[in-house]
Amino acid sequence: MSSAFTSKLPNLETSIFTEMSIMANEHQAINLAQGFPEFDAPAFLKDKINQAIHEGHNQYAPSNGLPELLTQIAEMVHRHYQTELTVEQKLDGLKGVTITAGATEALWVAIQTLVRKNDEVIVFDPAYDSYEPAVELAGGVCRHIALEAPSYEINWVLVEQTVNANTRAIIINNPHNPTGSILSQSDLSTLETLVEKYNLYVISDEVYEHMTFDGLRHESVLRYPALFRRAFVVSSFGKTFHCTGWKMGYCAAPDALSAEFRKIHQYVTFCSFTPAQIAIAQMLREQPSHVTGLASFYQQKRDLLVSALEGSRFKVLPSKGTYFLLLDYSAISALGDREFCEWLTKEIGVAAIPLSPFYQSEQRETYLKNNKVIRLCFAKNDGTLLKAAEILCQL
């Protein structure tokens with residue numbers, strides 16, 4: 001018999017999203033914790049996927065994605081970001097885009113493509129929890145830089161000070177989960193300068209790209225040609241079309257990086273769900289207004305929740321993008337954010353997400369000393385938001 005099994009991720013705990021959703025179900029709390037829409041995918045999209053299934057499109061798609069979907073992505077990218085992605089007139093369809101089993105696969109494959117043993121990757125806390133495990137499994141190390149609360153902006157001077165001979169890449173998340181902050185044109189220009197100066201790569205997590213508010217423009221890496229030449233840009237159809245359970249995403253990258261990405265992708269999932277690819281391609285071609293209307297759709301929900309919380313003791317922090325809203329609860333409780341969310345779920349009946357699990361353990365204590373903030377998801381029906389706000393206003 002061999003010795004005791006050794007974990008490759010010994011410090012990894014159960015995801016806070018899983019933990020809070022289980023707790024919400026157990027206590028029948030209104031679940032504003034996990035970030036999934038309460039409402040259904042568009043009827044057109046559901047009709048088209050059913051049609052594709054009944055017409056027999058149930059076998060493997062090309063590993064890179066169906067050509068018709070890749071073509072529609074190229075046209076959407078050009079409409080939104082004025083960037084040309086080369087379309088090939090053959091089975092590959094598009095050199096620079098790969099369809100993946102959700103954005104999580106795209107992020108994992110991009111990290112495996114880039115990161116080698118002892119490479120360092122800069123991430124910004126509070127950081128989405130899938131980044132660091134993927135970096136560690138690739139043999140790399142994350143260097144954490146805290147965003148500066150309460151605006152949650154990047155300190156670029158500190159970023160440059162953190163770069164060293166082992167730095168391989170920077171991961172950005174824009175619009176940012178969990179804070180709802182967005183990067184400006186100045187941020188992207190500074191990032192572009194650093195990437196070129198130090199020969200770095202970028203992984204840009206842009207799954208909430210179509211959800212920016214108050215007329216603010218989404219500054220995609222795709223808008224910056226010099227930056228995109230050294231980048232992987234990750235997007236999510238699940239977020240855009242309210243179908244997170246379909247696990248459909250894609251990764252855009254320059255041709256050379258895309259070729260390396262595909263080498264790994266083919267041995268992870270090989271391809272993604274064929275009927276969904278057909279349906280999404282038709283949705284993009286025939287109903288582009290869904291994408292262009294997404295920002296106003298979610299801004300209405302943000303504004304509804306913010307307005308409903310005006311009589312509460314919570315301090316509402318700005319949400320410039322995503323479908324998340326941060327609340328400062330320091331006027332209500334002295335509990336730590338994790339304990340407060342447990343109390344809120346079990347005793348009050350509203351489930352939220354604490355921010356501290358998004359921080360590296362070394363930075364978590366500092367964060368908790370100075371901040372008492374929770375995250376709510378407003379991708380819910382209006383009645384659900386109003387009911388939750390009514391409860392929260394009583395605290």
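Things to note:
- Screening the candidates Glu88, Glu148, Glu120, Glu84 for the property of being among the charged types (D, E, K, R) and modelled with pLDDT of 95 or more yields one hit, Glu120.
- Flag if Phe5 is at pLDDT below 95, within 17 Å of Ala351 (Cα to Cα) and not aliphatic (A, V, I, L, M): no
- Count of segment 92-130 residues which are closer than 30 Å to Thr274 by Cβ and either free of Cβ contacts under 8 Å to residues at least 60 places away in the same chain or of a type in the set (Val, Ile, Thr) (or both): 12
- Qualifying residue in segment 125-133 (condition: in contact with a helix residue (DSSP H, G or I) (Cβ under 7 Å, 6 or more places away or on another chain), in a strand (DSSP E or B) and of a type in the set (Asp, Glu)): yes
- Scanning segment 4-48 for residues that are under 24 Å from Glu132 (Cβ atoms), in a helix (DSSP H, G or I) and of a type in the set (A, V, I, L, M) turns up Ile16, Met20, Ile22, Met23.
- Residues of segment 109-123 that turn out to be in a strand (DSSP E or B) and more than 9 Å from Val135 (Cα to Cα), as a count: 2
- Enumeration of residues in segment 159-186 that are closer than 12 Å to Ile122 by Cα and either hydroxyl-bearing (Ser, Thr, Tyr) or out of contact with any strand residue (DSSP E or B) (no Cβ under 9 Å at 6 or more places or on another chain) (or both): Glu160, Gln161, Thr162, Thr167
- Among the residues of segment 137-187, those identified as within 22 Å of Tyr323 (Cα to Cα) and outside any loop (DSSP other than H, G, I, E, B) are Ala146, Glu148, Glu153, Ile171, Ile172, Asn173, Gln185, Asp187.
- Subset of segment 221-256 [in a helix (DSSP H, G or I) and not small (Gly, Ala, Ser)]: Val221, Leu222, Arg223, Pro225, Leu227, Phe228, Phe237, Lys239, Thr240, Thr244, Trp246, Asp255
- Odd one out for Glu209, checked against (1) surrounded by fewer than 21 Cβ atoms within 10 Å (Cβ to Cβ); (2) more than 29 Å from Lys117 (Cβ to Cβ): (1)
- Residue within segment 221-237 that is more than 26 Å from Gln161 (Cα to Cα), in contact with a His (Cβ under 6 Å, 6 or more places away or on another chain) and assigned by TED's automatic domain parsing to the domain that holds Ala165 present: no
- Residue check for Leu304: outside the structural domain of His176 (by TED's automatic domain parsing), of a type in the set (A, V, I, L, M, F, W, C) and crowded, with 20+ Cβ neighbours inside 10 Å: no
- Residue in segment 101-108 that is at positive phi, outside any strand (DSSP E or B) and in contact with a strand residue (DSSP E or B) (Cβ under 7 Å, 6 or more places away or on another chain) present: yes
- Pairs, first assigned by TED's automatic domain parsing to the domain that holds Gly139 in segment 156-184, second of a type in the set (Lys, Arg) and buried (at least 24 other Cβ atoms within 10 Å of the Cβ), C-beta under 7 Å, six or more apart: Pro178/Arg375
- Residue check for Leu70: in contact with a Gly (Cβ under 8 Å, 6 or more places away or on another chain), modelled with pLDDT of 90 or more and assigned to a helix (DSSP H, G or I): yes
- Scan of segment 333-354 for residues that are under 12 Å from Ala33 (Cα atoms), among the aliphatic types (A, V, I, L, M) and either surrounded by fewer than 18 Cβ atoms within 10 Å (Cβ to Cβ) or more than 22 Å from the chain's Cα centre (by Cα) (or both), ordered by number: Leu344, Val350
- Residue within segment 383-393 that is farther than 21 Å from Ala29 by Cα and either assigned by TED's automatic domain parsing to the domain that holds Phe241 or not β-branched (Val, Ile, Thr) (or both) present: no
The values are calculated or read from the model by the stated rules, or taken from the named source; none is laboratory data. Fair warning: this is a prediction, and the values are worked out from it, not measured in the lab. Glycine also receives a Cβ, built like all others from the backbone with ideal geometry; neighbour counts cover every protein chain displayed.
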